[in-house]
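Trainee: Have a look at this one.
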Amino acid sequence: MNRICCLGMAIVLSSSLFAQSKLIRVPQDKATIQAAIDSAANGDTVLVSEGTFAENVVMKKKIVVASLFVLDGDTSHISKTIIDGSNPSHADSGSVVTFGAGTDTSAAFIGFTITSGSGSLRLSGYPEFLWWRVGGGIYVEAGGARILHNTIVGNLVGGTRCVGGGITVWDPTNSGKIGVVVIESNIVRENAAEGPVGYGGGLGFANGLPIVRNNIISRNFASAGGGAIDLGTGPLILVNNTIVNNQALGGPPGILSWSNIPRLLNNIIWNPGNNVDFVGAVDLAYNNLIRGGSFVESNQSMVPSFEDTASFSLSTNSPCVSAGEDSMLVRSIKLYAPAVDIYGNPRPNPPGSKPDLGAVESSAQSSNPPIVPPQLFSKTLNSRGTTRSYVLFLPKNYDSLPSLPLVIVLHGCGGNPINAMTIGMQNVADTAGFGVVYPKSMTNCWVDNVNGSDSSDVNFVSDLIDTLMFNYKFDSKRVYVCGFSSGAFLTFRLASEIGHRFAAVAPVSGGLPNVNARGSTPSPIPLALFFGTSDGIYQGGTAYQNADSSIIKWLSYNGCQPTADTVNIPDSDPTDGTTAKLIRYQSCVSGDPVYFYKILGGGHNWPGSPNGQAAFNRDVYASVEIWNFFKTYPIVSVREISETRPSVFAVSQNYPNPFNPTTRIQFTIHDLQFTSLKIFDLLGREVATLVSEEMMPGSYEVTWEASRFPSGTYFYTLTSGAFTETKKLLLLK
């Protein structure tokens, strides 16, 4: 069994974060995939169990259709979840999967074997009226699509004129009906375009904006040329693909490009034949290995040298190892090497090196991947008399870690843990070594203080933290929370009401509830807010603050100056219709900064992941940015407040006092001494140790979080060398 934890896979699925989205299971809820699609609304997820489904599926909605692969990354689901298109209802509609009007890049097909398609018959209106059979496996006729982690095999288009045995992206009316189509981490093999005018055995493109990354395109056949890919008049972005062992009777066995100029980076294009592997304009090809010609100086033409022709791992002496580039600006578009390879291994490997050419990062891929223990657990707990549910993800190196951080991810209205997982935080966690928990709301939305003051969900999250701290190796000083939409409202509420439990928070597409804004001042806490300016709730509402007001409030809580530095994030994808900037408020008395990721033109979504409701930004991957922000800020229980050497030992009265549930104690150390600060109850029993270490001379502040202790009188004793002093403090709940 092989598992893929691929950041790129999950972060693009946040269409499931639509408000009111639901999960439709096949065959549990609907007998067929098409029936599930027909019953779905935009933003829903169709989850397909293993089996063979004899169907020809039509997609005209912004939904995700996926096998069980999306839940655990187990690649065996792909080979066991088969869509067989060999028996279409009409011979002219034989594509296994068709994307039509009403779709965009939030419409996704993930984790299937797509086979035995015969393509669809379409009449071309450009440059002349001719009938073509197109798209044996998948046909994108309008809209857009994300085609991820599929095996597209054994499909055939035939007839006098045909194109795209595996996949075709083509609007026959040439009227601009197709937008962005992402084809990533697929295996496209043994497909064919057989006929007197047969092009693109693997893939055929005519218009739209295809982005093709991390695919293995192998052993496909075309009669007239372009055994792997036929490219007509539209653009093409081709990055880190392995395009090998494809064949053509006439024309190039690799890529046939007609009148457009494709952008290529880090590809291997090596196919047998008498013709060169790439025919067409390729002056925008950089750092590729292309048989039959280098075209421009940065490309090369050398035998790629694979370990095998099943996984296409590179041999250690391959000229493709470390021959790629992390990124390159190619005619105003920044191309990036994907962060992981087709098998989910990190790229580059080792870190700091150059990436390999092709879809497989050689030093990471093993022909016998290790069997890993389960990483995903569905659990329940009793929270104050009510059974609540959650899904827990543990990184693959959990057993080797002495302790690890915990990130809580809160779904939006109508969502659930499965939906929330599609933003890909667990994929970041698997690399960085932290745990992720996805709680489930009791009702459609979280009790987020927007529509009431019920504390049941605040209590649930607090109880969940206690449960996980007790049963797992999570570090209580490194607990973080983020959430989308209603989950963002609850994130603000948690930070306002039990902020002492979190080291940092990150709301996405949601503002500060007015109830919390008018309430008592919360403890300072680092905050990163992500918001699109075209989001319907960006300007606020009757129950919550707008984006700017939320920031201003939090600046006052953290004691931050209103001056900020602004970073304009590079617009790596001009086609997404948005730009982004990071506004950082870092001059804060508390030391807790406020970050504002402002997505200009962005809609109600998780940045980096399309949801189809409005423009989404591809320059900011929120899940990655959130972790990069979180990891900088553990809860600091002991903080040095002055490096000036004090003349005496002293301990101050705690503040506030009385308190609930946190209080701060300041003390000074005159000499280098072993120092302890302990809490005792009225009976003299030690109940907490706040400090127990050798400390340098200086002034310090320590925070005691006492939410799990009963109300009453306590004492704290500071001991440093021969100095000892005790003071009283009062906890009132």
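Just so you know, all these numbers are worked out from the coordinates, no wet-lab data involved. Because the structure is predicted, anything quoted here is derived from the model rather than measured. Note: ideal-geometry Cβ built from the backbone for every residue, glycine included; neighbour counts use all protein chains shown.
Trainee: Taking segment 394-551 as the region of interest, what is the percent of Cα-Cα pairs per 10 angstrom bin, listed from the shortest bin to the one with the maximum distance?
Mentor: Percent of Cα pairs in each bin: 11, 42, 35, 11, 1.
Trainee: Report, in whole Å, the centroid distance computed from the Cα atoms of segment 427-501 and segment 169-190.
Mentor: 40
Trainee: Related question: Per-residue counts of other Cβ atoms within 10 Å, averaged by peptide: what ranking do you get for 25-32, 308-315, 414-421, highest first?
Mentor: Answer by packing, highest mean first, reads 414-421, 308-315, 25-32.
Trainee: Using θ = phi - 60° and the Karplus relation 6.51 cos²θ - 1.76 cosθ + 1.60, list the HN-Hα couplings for segment 659-670 in order, rounded to whole Hz, with x at every Gly or Pro.
Mentor: Values, residue by residue: 9, 6, x, 10, 8, 10, 10, 9, 8, 10, 10, 7 Hz.
Trainee: Then there's this: For segment 638-731, what D do you get in µm² per second when you plug the Kirkwood radius from alpha-carbon pairs into Stokes-Einstein at 37 °C and 0.692 mPa s?
Mentor: Result for D is 246 µm²/s.
Trainee: Run the quick spin-label model on LEU376 and THR566: label points 7 Å from Cα toward the beta carbon, then report their separation in nm to one decimal.
Mentor: The modelled label-to-label distance comes out at 4.1 nm.
Trainee: If you don't mind, another one. With a sphere of radius 12 Å drawn around the Cβ of GLN673, what net charge do the other residues whose Cβ falls strictly inside it have (Lys, Arg +1; Asp, Glu -1)?
Mentor: -3
Trainee: Each residue of segment 101-108 in turn: what ³J(HN,Hα) in whole Hz from Karplus with 6.51, -1.76, 1.60 and θ = phi - 60°, glycine and Pro shown as x?
Mentor: My calculation for segment 101-108 gives 4, x, 9, 8, 6, 8, 8, 10 Hz in order.
Trainee: In segment 391-630, if the dipole is taken from +1 on Lys/Arg beta carbons and -1 on Asp/Glu beta carbons about the Cα centre, which of ASN558, THR575, VAL391 is farthest to the positive end?
Mentor: Value: ASN558.
Trainee: Now a separate question. For ALA650, enumerate residues with amide H under 5 Å from its amide H, sequence gap 5+ or separate chain, H modeled in the peptide plane.
Mentor: Hits under the 5 Å cutoff: THR668.
Trainee: With Cβ to Cβ distances under 12 Å as the rule, what net charge do the other residues near GLY165 carry (K, R +1; D, E -1)?
Mentor: Once all neighbours under 12 Å are counted, the net charge is 0.
Trainee: For the Cα atoms of the chain, what angle does the longest principal axis make with the long axis of helix 547-558, in degrees from 0 to 90, nearest 10?
Mentor: Long axis of 547-558 versus the principal axis of the chain: about 30 degrees.
Trainee: For segment 7-336, with only Lys/Arg (+1) and Asp/Glu (-1) charged at the beta-carbon, what is the dipole magnitude about the Cα centre, in debye rounded to 20?
Mentor: The calculated dipole for segment 7-336 is roughly 460 debye.
Trainee: What aspartates and glutamates could a cross-link reach from LYS728, if we take a straight Cα to Cα line under 18 Å and drop same-chain neighbours fewer than 8 places away?
Mentor: ASP681, GLU686, GLU701, GLU705
Trainee: Report P(r) for segment 7-336: all Cα-Cα distances, bin width 10 Å, range 0 to the bin holding the largest distance, values in whole percent.
Mentor: P(r) over segment 7-336, rounded to whole percents: 7, 28, 36, 22, 7, 0.
Trainee: What's the angle, to the nearest 10 degrees (0 to 90), between helix 456-471's Cα axis and the longest principal axis of the chain?
Mentor: Its long axis makes an angle of about 90 degrees.
Trainee: Normalised by the residues of segment 391-630, what does the relative contact order come to in percent, with Cα pairs under 8 Å and at least six apart?
Mentor: Relative contact order comes out at 16 percent.
Trainee: A further question on this structure: Could you work out how far helix 486-497 tilts from the main Cα principal axis of the chain, as a 0 to 90 degree angle to the nearest 10?
Mentor: It works out to around 20 degrees.
Trainee: Give me the distance in nm between label points sitting 7 Å out from Cα along the Cα-to-Cβ direction at SER389 and ASP548, one decimal.
Mentor: Distance between the two pseudo-spin positions: 4.3 nm.
Trainee: Here is a further query. Work out how much length MET696 to TRP131 would gain on full extension: take 0.36 nm times their residue separation and subtract the Cα-Cα distance, in nm to one decimal.
Mentor: The span from MET696 to TRP131 would gain 195.2 nm if fully extended.
Trainee: If packing is taken as the mean number of other Cβ atoms within 10 Å per residue, what is the order of 138-149, 458-469, highest first?
Mentor: 138-149, 458-469
Trainee: Can you compute 3J(HN,Hα) from phi for each residue in segment 152-166, using the Karplus curve 6.51 cos²θ - 1.76 cosθ + 1.60 with θ = phi - 60°, rounded to whole Hz and x for Gly and Pro?
Mentor: Running phi through 6.51 cos²θ - 1.76 cosθ + 1.60 with θ = phi - 60° gives 10, 9, x, 9, 9, 10, x, x, 4, 10, 8, 7, x, x, x Hz.
Trainee: Now, a different point. If every alpha-carbon in the chain counts as one equal scatterer, what log10 I(q)/I(0) does Debye give at q = 0.09, 0.12 1/Å?
Mentor: -0.82, -1.27
Trainee: At a Cα cut-off below 29 Å, give the lysines reachable from LYS22, other chains included and same-chain residues fewer than 8 away excluded.
Mentor: LYS30, LYS60, LYS61, LYS62, LYS80, LYS177, LYS379, LYS440, LYS598
Trainee: With each pseudo-label sitting 7 Å past Cα toward Cβ, what's the SER556-PHE674 distance in nm, one decimal?
Mentor: 4.8
Trainee: Determine the gain in length on full extension of the stretch LYS354-LEU600; use 0.36 nm per residue of separation and subtract their C-alpha separation, reporting nm with one decimal.
Mentor: Extra length from LYS354 to LEU600 when fully extended: 85.3 nm.
Trainee: Give me the number: length gained by fully extending SER175 to SER587, i.e. 0.36 nm times residue separation minus the C-alpha to C-alpha distance, one decimal in nm.
Mentor: Fully extending the segment from SER175 to SER587 adds 143.1 nm.
Trainee: Using the crude model of +1 on Lys and Arg Cβ and -1 on Asp and Glu Cβ, and no other charge, please compute the dipole size for the chain relative to its Cα centre, in debye to 20.
Mentor: About 1120 debye.
Trainee: Let me ask something else about it. Looking at THR431, GLY602, ASN514, which one has the Cα that reaches farthest to the positive end of the dipole of segment 391-630 (charges on Cβ: Lys, Arg +1; Asp, Glu -1)?
Mentor: Working it through, the farthest residue towards the positive pole turns out to be ASN514.
Trainee: Quick one: pull the percentage of alpha-carbon pairs in segment 48-196 with a separation above 28 Å.
Mentor: Beyond 28 Å sits 13 percent of the P(r) for segment 48-196.
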